[in-house]
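Encoded as structure tokens, the structure appears first; notes follow it.
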Amino acid sequence: MGTTPVESQLNYFGMLMTILFGILIFLAMIYYLANFQQTLKTISIAVAVGMVALTLVGVVSGWVGVVIWLLLIAIAVVMNVESIRLQVLSAPLLRYVRAVLPPMSQTERDAIEAGTVWWEAELFRGNPDWSKLMSTPQAGLSAAEQAFLDGPTNELCKMLDDWEITYEHNDLPPHIWDFIKKNRFFGMVIPEEYGGLGFSAFGHSAVVTRISARSVTAGSTVMVPNSLGPAELLLHYGTDEQRNHYLPKLAVGEELPCFALTGPSAGSDAASLPDYGIVCKQMHEGKETLGLRVNWDKRYITLGPVATIVGLAFKAYDPDHLLGDQEDLGITCALIPAGTPGVTIGRRHFPLNQAFMNGPNSGKDVFVPLEWIIGGRDNIGQGWRMLMESLSTGRGISLPSSGAAAGMAAARFTGAYARVRKQFNIPIGKFEGVDEALARIGGLTYLMDAGRRLTCAALDQGERPSVVSGILKYFNTHHMRSVLNDAMDIHGGKGICMGPGNYLARAYQGVPVGITVEGANILTRSMIVFGQGAMRCHPHLVAEIEAASLPDEEKALEKFDTALLGHIAYAVSSGAQAMFHGLTRGRFAQSPVSGPTAKYFRRLARMSAAYSFLADFTLLFLGGELKRKEKLSGRFADGLIYMYMGSAVLKRYEDDGRPEADLPLVEWGAKYCIYETQVALDQILRNFPSRTVGLILRGVMFPLGRRFKTPNDRLSHQMAKLLLEPGASRDRLTGALYISEDPDDVTGCLEVAMKLAIEADPIEKDLKDRGFSRPYDSDYESWIASLSADGTLSAEQARVLIESAKATHKVISVDDFEREFRQSGMASVPRASAVAAHG
């Protein structure tokens, strides 16, 4: 007999209930695995409980259910019975790891071990502890640092004329050099006890930011001695005698330092460094002295042409075993007076029309006594570790500050220009195309500055986050290019005509310099951020690799098994987190705050979980082959970079006291970073070596598809509006700049013109509404004077309109020159003639 309609409905209802209960049990199991710390035992119990529940409700039944149960029991036995696990799982995996992982060079090991691991590890591991981020104190200036900014730094900025520097002198003028030395700009990182300023990382960054926005040449000149240079190395590794001798002289510019690392055949590839020193004995200052005979050939050395002391990295060898049994001693760092016999300070490079001193130097059989080695004899062979640890600090300050400076300058000055410059009687900033570019400038500038502040806060708490410094250097120099491209597009002809009145072009020309130095961005992205980040941030990977390198088989297997147990639990938990947050769209992820930004914390947590799962699986799936998959590695770097920057934006908003007017900046930055993280993960899945595996991973990470979008037009318009009007948000965004209101200053004229244009707007609108328009045969000033004379305008209204027109004309004017004017620097012809912004 067939079933009745009632029985059919009951059967259908029963099937639906079975499916519903099955889904709920599955979600409960995933929730437990995702949100509680796991071991193999707790995972096994959770899966067993879940399977029992699924069996009881009928989801797991029949011969399929039997197969599933038998498979899970077998896995549980292998995982939880040590003797079986060691034989069946750990030993074969140990052999696999040894086979697929290439041997690690000492330079790679030093780079990986350099510095500290900080917030990036929380994002990498998939379950960020927001309290760790929120408890980081806000970066701030001391009273002495603020006084230095308001005093000597502003005075220096007022003195700087970038056209004079880059065209007429192709160098800083002598009075600028003297001012920098006298006021100890070269001694910001040197403690006061040695005659320096003893500034914090944030104080150092604030000075570099302000100067760099005014002049790339001046900013570079100041930043290099305070970044990767002798002072930083001496502070951390030098002997007391070396510190006492050099640091007071470096602080006041009595000694000018450079550091020579890059050569023609070896830049970032330290293992191929051809420069060498051979341990020997030689007469020095009248007596036989133990030292090294060093030969080198370096280029791209900033301050090299004017340096009096050369910091040098080279490989040391001891073929006669004067120091011990080892011949290859490793990379070593020394300080060599530029006047030492055999040292050649070469000519200068000319990096993209920037006038900072940069050039080659070389040495031929230069005798270097052991006491010239930074840290003395004990530090021979420790140079690469010293450089990597020092770079983790300097790289997080100098170039990121110059990138943020370019963004701030582009935001403030381009916004002012777009407000003053009119087409069709409308400020060009109100055109949607310009509006879109202004929004990008504002949003990326807020991101760059948020990253700068957060990283400086970490440095000032004693962190030396090598991965974070690479992240920030890459992001800020890369997006410096974006904001300056947009700024140049908005300025149009004003931006491309060189001269004393052009405040944009030299920074635009110099963009590739920042992108190239201290680790070229392509290399930083494709090899360093994720390569170093995975090793440092993964909780178990280093332990597994170290175990695999042990020569004692029994000990290696024991340590590898312990690390593997933790790794499996971590992998299951991260996979569960990724799927749970994907299914629930991150609504149950943690947020440390309530209000409008809470959802962005949750979304970042969701992306972190997905990233962690995918990174861990890819490391397991590809092993050592991932080292050569630079496109995949670069996309993993993108994901980590954008998660870090998104965190920085949310942290800054909290640090600033949640100003409501800044919410568009925060939302734009958070949405942009979350979307770009999603794009990075999507591109990894699209290009995964196994298409089938990539599809399975997509189902875990994005079970409901890709849900995050770019900032919309409404939000972008709010962003652009912030740059077109004076206000607290605009001032907070660009507050690190030197702001002049001198109408004869290259950027001060913009401030004056913008305020006058805003004051003139309602008067001009009233004239238009009343039907007044300027006769074609009358100049503007005469027409306004006539309207004032007949009472149409008051004297004050006429003054405002005339002054606004003059100020606008000054801003939009471009420099021109005699036909004989040369493009080369140090010209003998007059600076400018005819209509120019300075006259």
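Using θ = phi - 60° and the Karplus relation 6.51 cos²θ - 1.76 cosθ + 1.60, list the HN-Hα couplings for segment 91-97 in order, rounded to whole Hz, with x at every Gly or Pro.
So the J values, rounded to whole Hz, are 4, x, 5, 4, 5, 5, 4.
Suppose a student asked you for the relative contact order of segment 465-540, using Cα pairs under 8 Å spaced at least 6 residues apart; what percent would you report?
It rounds to 42 percent for segment 465-540.
Of all DSSP beta bridges in the chain, what percent run antiparallel (nearest 5)?
80
At 1.4 Å probe radius, can you tell me the per residue accessible area of segment 595-647 in Å²?
29
So for the chain, averaging the separation of alpha carbon pairs under 8 Å that are six or more residues apart and normalising by length, what relative contact order in percent results?
Across the chain, relative contact order equals 15 percent.
Report, by chain and number, residues whose modeled amide H sits under 5 Å from the one on Val60, excluding near sequence neighbours (fewer than 5 apart, same chain).
Long-range HN contacts for Val60: Thr55.
How compact and how long is segment 308-389, expressed as Rg and Dmax of its alpha-carbon atoms in Å?
Radius of gyration, then largest Cα-Cα span, for segment 308-389: 14.9, 50 Å.
What per residue convex hull volume, in Å³, comes out for segment 382-427 when only alpha-carbon positions are used?
Expressed per residue, the convex hull around the Cα atoms of segment 382-427 is 51 Å³.
What base-10 log of the normalised intensity I(q)/I(0) is obtained for segment 28-101 from the Debye formula, alpha carbons as equal point scatterers, at q = 0.28 Å⁻¹?
Log-scaled intensity ratios, in q order: -1.17.
Per-residue ellipticity at 222 nm for the chain, helices alone: DSSP H runs ≥ 4 residues times -39500 (n - 2.57), over residue total, nearest 500 deg cm²/dmol?
Value at 222 nm, helices only: -18000 deg cm²/dmol.
Quick one: P(r) of segment 486-592 from all Cα-Cα pairs, 10 Å bins, percents rounded to integers, in order of increasing distance.
12, 19, 20, 19, 15, 10, 5, 0
Considering all projection directions equally, how large on average is the shadow of the alpha-carbon convex hull of segment 627-759, in square nanometres?
11.9
Report Rg/Rh for segment 252-396, rounded to two decimals, where Rg is the Cα radius of gyration and Rh the Kirkwood radius.
Here Rg/Rh amounts to 0.97.
May I ask you to give the solvent-accessible area per residue for segment 192-267, in square angstrom, as obtained with a 1.4 angstrom probe?
Heavy-atom SASA per residue in segment 192-267 reads 29 Å².
Taking percent of Cα pairs over 50 Å apart as the quantity of interest, determine which of (i) 36; (ii) 29; (iii) 22 was computed from the displayed structure.
(ii)
From the cross-link list Lys422/Lys768; Lys422/Lys806; Lys182/Lys473; Lys298/Lys627; Lys559/Lys627; Lys651/Lys671, which pairs have alpha carbons spaced over 21 Å apart?
The answer is Lys182/Lys473; Lys298/Lys627; Lys559/Lys627.
Share of the chain's accessible area from carbon and sulfur, percent, 1.4 Å?
Carbon plus sulfur share of accessible area: 56 percent.
Looking at segment 109-262, I'd like the Rg to Rh ratio, where Rg is from alpha-carbon atoms and Rh is Kirkwood's inverse mean 1/r.
Radius of gyration over Kirkwood radius for segment 109-262 works out to 1.04.
What number comes out for accessible area per residue over segment 707-818 if the probe is 1.4 Å? Units Å², please.
Roughly 53 Å² per residue, with all protein chains present.
Measuring from the lowest to the highest alpha carbon on each principal axis, how far does segment 543-659 reach, largest first, in angstroms?
60, 28, 28
The values are calculated or read from the model by the stated rules, or taken from the named source; none is laboratory data. The structure displayed is predicted, hence computed values, not measured ones. These accessible areas exclude ligands, DNA and RNA; they are computed on the full protein's heavy atoms, side chains included. Shrake-Rupley method; radii C 1.70, N 1.55, O 1.52, S 1.80 Å.
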